Amino acid sequence: MKRSIIITIPIIVFVSFFASYRCYAQENKGEKGYLVPVCVYEGETIPYVQLPVVYVFKPIVCTSEREKKEYNKLVHDVKKILPVSREVKLILSETYEYMQMLPNEKSKQAHIKIVEKGFKEQYDAQIKTLTFSQGKLLIKLIDRACNQTSYDLVKALMGSFKAVFYQSFGGLFGVSLKKEYNPQGEDKLVERVILLVESGQI
């Protein structure tokens, strides 16, 4: 009798555990989850979620109201100009790739005129609203995006004559198309603002 009780108790515990496990599984069967990317690490498949980059800089200390306004203006200008510089890079990349397939110089020049006309129609109104400082910033951000100065880009696509003409014309207003972007030097604060804007921190 004692032996049957000893055997019966583990069986009851096992059955009870199994039954409760089945109930739990059935109860959770209809639960909704989230699909996430996975990776295999040492034979194990584990969830893989890429966290956004967060930049940490030393806080900016504005010693006057003027400095505070200048910094806020820089943030505003970067948010306005950065998308334009990206569009310029995209247009130039697509234009360059397409021009490689064109048979001769005449067809290339004709295509450049079409691109130039389309760009003016799309961005002329927006560019006309730029302030002097925003225009200078655009020239630098184009260099940052394309890794080439605006002068070099104009020269490569439209020829030396137009590059010299636009450079001379810009010189009348104190703007140089040859201006390079220097994130480690005079444009260090601009680079900081760009990184914070791109990461959504400001």
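Only the coordinates and a few stated rules stand behind these numbers; no lab work does. From a predicted model like this one, the values you see are computed outputs, not experimental measurements. Neighbour counts are summed over all protein chains in view; Cβ atoms, including those assigned to glycine, are modelled from backbone coordinates with ideal geometry.
The table that follows gives values for the structure above.
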quantity: Whole-Hz couplings from phi, Karplus 6.51/-1.76/1.60, listed for the range 115-121; x for Gly and Pro; calculated: 5, 4, 5, x, 5, 5, 5
quantity: Potential lengthening between Val115 and Val164 on full extension [0.36 nm per residue; Cα-Cα distance subtracted]; calculated: 15.6 nm
quantity: Given Lys69/Lys140; Lys68/Lys179; Lys68/Lys136; Lys73/Lys113, the pairs whose alpha carbons are separated by over 23 Å; calculated: Lys68/Lys179; Lys73/Lys113
quantity: Extension gain, Ser107 back to Asn147 (0.36 nm per residue minus Cα-Cα distance, nm); calculated: 11.8 nm
quantity: Extension gain, Thr129 back to Cys62 (0.36 nm per residue minus Cα-Cα distance, nm); calculated: 21.3 nm
quantity: Phi-based couplings in Hz for the range 87-95 (Karplus 6.51, -1.76, 1.60; Gly and Pro marked x); calculated: 5, 4, 4, 4, 4, 5, 5, 5, 5
quantity: Integer Hz, Karplus 6.51/-1.76/1.60 couplings in order for the range 44-58, x for Gly and Pro; calculated: 9, 8, 10, x, 10, 10, 8, 7, x, 6, 10, 9, 10, 10, 5
quantity: Residue-count net charge about Asn182 - beta-carbon cut-off 10 Å; Lys, Arg +1, Asp, Glu -1; calculated: -1
